[in-house]
Structure formats: structure tokens, C-alpha cells
Amino acid sequence: MKFLKSIGWRITFWHSIMFILTLSLFSGFLYITFSDMLTKKVDSMLSRELGLITYCLEKKDSFSEIEQHINRSSNFVSVNEEEIYWQVENERGQIIARSHNLHDNRIKRSEVLEKIDENVLVWDTEVNGAPLRAMSAPMSEGVLHYQVTVATYSRILKLSILNLKNILLFFTCGFVGISLVIGWLISKKTLQPIHQIISTTNQITATNLYERLPIEGPEDELQSLSKTLNRMIDRLETSFTQIQQFTSDVSHELRTSLTIMRGELEVSLNKNRSEEEYKRVLHTVLEEVIYLSDMVEKFLYLSRNTSNSNQIERKTVDGIFLFQYVRNHLLSLIMKKQIELHIQIPDRFTLYGDEDLLRRLFINLMENAIKYTPEGGTVEIKACSKEQFIHIEVIDHGIGIPEEHLPFIFQRFYRVDDSRSRSQGGTGLGLSLCKWIVEVHKGTIEVHSKPDEGTRVIVKLLAS
């Protein structure tokens, strides 16, 4: 049944079960205690009457005197003689004395006897259909042996216990219904914030990710759930914003390059051009194609390698060989701009990480430093060990970066000067990739720069 799958009904059900169990245990305890108390009270009265008869026998009164003494005793007068029965039997089982209200009857023994003392027995019996509670004890006087038995009506005892049982059953059944109603109200009140969370969450879509769940009430698990969901929505909103921005930037980059190529080609086809003009157009188109190829390559690299950071292959990487590879890879660019490259590494060091990613990291950093350094300028690379980290600095003395742009330079497609970056062949993806590589290696990257003074990039990576 569908309603049994509801948390609210399950809370109601378990609340009722626990309530009924607690009530049943309490009712059982009350029933047993009350029954035992009443039974002991009746047994106490019978024990008192039994002691009175035993006392008279010890005085060696005749049986007729015993009957008269007991029936006229002030202790006995206080009890309705219609409620107390007694009899004295000899060793042959013959009744030698009895209470007047027994007439010709006798108090019979039951098959079920309860021993409350060494020689005292109690049992339930009846006389003329009336239920009795009886108590018996032996007595000896010289060579004579007697069995003294007293009894009283137990109808009130049984009726009281029965009434208590009925009352407890009635109230237990009544409280079952009450517990269901209370449990349902409690579950409804408890789950109301959850229903509100569900309702608000269902209203949040990609178009209104700015919506947040209300944080209300005490600092409990539900408020913690709301805060957790809000943080998740914050991350989703950030991701959606980045995706939208990234898509917009990619579209802009593609549109700009395609517009340039289309314009150049359309102009060149309007009329016959000279060989030099065609070469210029082809050169312009080639630059845009190279730019697009570089951007697509880096874009695919980012998409492929940053999707799962757990797939990178970590191993020990020699720092000297790493920078020799980077220098050789950029040698043509260094010679083209006549850049002086100074690598200062006092001691050999090793890094622990993905060699391909580390190469990509320092190729991008040094490529940026070379691009934005004037011809004949200087680029420096410094490395030193500090505790568990290797500090590597890439320093150029080029055009620098304005301070207001520094917080954004690691964003994808962000460029300080669009025209200047495009003329240098920049796509705005290099530093974004660098930041990701450093982070997956549990390191840090900082950029310090001043316009017309140069830029210093500080990378901290774990040593092997």
C-alpha cells in the first residue's frame, strides 16, 4: 500500500507502537501490583482470624466456648459474620467447631494450594457457589492435632481485579486511537519543513538558480540539510555560470576569427588582386587558422585532462631534465626573439607528479614570459627547496599586468588586452590550465606583476 511508504505514516506507526508498548508495560505492572496488593490484604485478614482461633485453642477452651468466644469477640464483631467462615477439624478430618454462617457446610480444599509459610496454606474455593479465599494451618495440643481453616468472600477481590483489567483494556484501546492521532500530528509538524524544502527545490531550475531554500527554525538536522542543499545549489550556479561564460567566450573567439577570415576572403574575391595582396590575405587567414587550431587543441586538452584528476599518472620527475626539455621545446621562440634565458638551480631536485602535465605547466608559463618580453630581453627561472616544497619562479621583465586584472587572469579566455593578446597568439586558456595542473598536484601558484616592470610567477609543488 502506497501510504505505508510515506515517512509520515511510518513515524505515526512507530510512535504508536512505542506508545502502546510503554502503556502495555505500565498496565501490566499496575495490574500485577494491584492484584498482588489486594490478595495480600485479604491474606493478612485471614491470617489475623487464624491467629485468633489458634489463641482460643491454646487456652484449652471447649469447642462450644471457642465458638461463643470467637463469634462474640470484639475483633470478630468488626467483621461482618456473613463474610468470614472458619472451621476446626480433628486429625480424622471431622469438624469439631465452625462458624455459624457455615451451617452444615464445610470449607473444602482445592487441588491448587499455595504455601505462604512453613505450615500455612492458602487456596481459592467456594461455598454454595460463592467464591472464597481460604487459609489453613495445623495446631497441636499434646497428643491432639487440629487443622484450623478460615475463609472469606473473594468476590470483591476478583471483581476489583476484573474491573481494573477492564479499565486498563478500555484505556489502552482508547489511547491507541489517541496515539495514532498524536503521532500523525507530530509527523506532520516534523515533516512540514521537509515538504517546504521539496516544494522549493522543485521550483529551482537552470533559469532561477539564484533561488535558495529558507533557513528557519532551530539549528537542527533540517536546517543543516537546507544549508547543505544551498551550498550545492551555489556550486551548481557557479558551474552553470562558468559553462555559460565559457560557451559565450568560445563562441566569441570562433566568431571573431571566422569573421576576420570571411572578410579577408570576400574582399580578396571582389576583384583581381596582385600576388602580394593574395599573399597578405593568405597570411592573415593562416594566422587565424593557427590561432583557432591552438585554441581548439588547448580546449580539447582541458576537456580531456581536467575531467578526472584521479587519472593522472604520478611518478618521480627530475627537475633538471624537466627544464632542459622545456628549454629545448621553446628554443625556436627564444632564438626568434633573441631572449636571454637564465636558469638558476643551485641543487638537483625531484618532483612527484605527472611528467606530461608538469611539462605543460612550465611550457605555458615560460611561453607567456617569452611572448610578453621585448626582443633582446631576459627571462629567469629560479628553483630552490624549502621544507617539503620546491619553489619555482618564472620571471620576465616585460610589459607586466595591471593590478586590477590579477584576480581574474586564471579564468578561461580572460585576457588583459584582447588585441594585444591576439597579436601575441594568446587564447586565454594557458593560465587556466596552469592553475588546474598546480591544484591537482596539491600545490599553489601566485602571480606578482607591475605594468612595464615585469611579472613574477611563483609555483610551489611537493618535493618527491
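List of remarks:
- Scope the range 195-230; condition in a loop (DSSP other than H, G, I, E, B), over 19 Å from the mean Cα position of the chain (by Cα), surrounded by 11 or more Cβ atoms within 10 Å (Cβ to Cβ) and free of Cβ contacts under 8 Å to residues at least 24 places away in the same chain; matching residues: GLU211, ARG212, PRO214
- Among (1) over 18 Å from ARG456 (Cα atoms); (2) outside any loop (DSSP other than H, G, I, E, B), the one test that GLY376 misses: (2)
- The lone criterion from (1) over 30 Å from ILE20 (Cα atoms); (2) at pLDDT below 75 left unmet by SER224 is number (2).
For every residue, the table says whether it meets (1) surrounded by 19 or more Cβ atoms within 10 Å (Cβ to Cβ); (2) free of Cβ contacts under 8 Å to residues at least 60 places away in the same chain; (3) in contact with a Leu (Cβ under 9 Å, 6 or more places away or on another chain).
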| site | (1), (2), (3) |
| --- | --- |
| ARG327 | no, yes, yes |
| LEU333 | no, yes, no |
| LYS337 | no, yes, no |
| ILE343 | no, yes, no |
| ARG348 | no, yes, no |
| ARG359 | no, yes, yes |
| ASN364 | yes, no, yes |
| PRO374 | no, yes, no |
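- Within the range 15-56, tally of residues that are in contact (Cβ under 8 Å) with a residue 60 or more places away in the chain and either loosely packed, with under 12 Cβ neighbours inside 10 Å or under 26 Å from TRP184 (Cα atoms) (or both): 7
- For HIS405, the criteria (1) closer than 30 Å to TYR352 by Cα; (2) modelled with pLDDT under 85; (3) not charged (D, E, K, R) hold in every case but one, which is (1).
- When residues of the range 297-335 are limited to those that are modelled with pLDDT under 75 and aromatic (Phe, Trp, Tyr), the one nearest to ALA463 (Cα to Cα): TYR301
- Members of the range 132-160 that are closer than 18 Å to THR39 by Cβ and surrounded by fewer than 16 Cβ atoms within 10 Å (Cβ to Cβ): ARG155, ILE156, LYS158, LEU159, SER160
The values are calculated or read from the model by the stated rules, or taken from the named source; none is laboratory data. Because the structure is predicted, anything quoted here is derived from the model rather than measured. Positions of Cβ are generated from backbone atoms using ideal geometry, with glycine treated the same way; all protein chains shown enter the neighbour counts.
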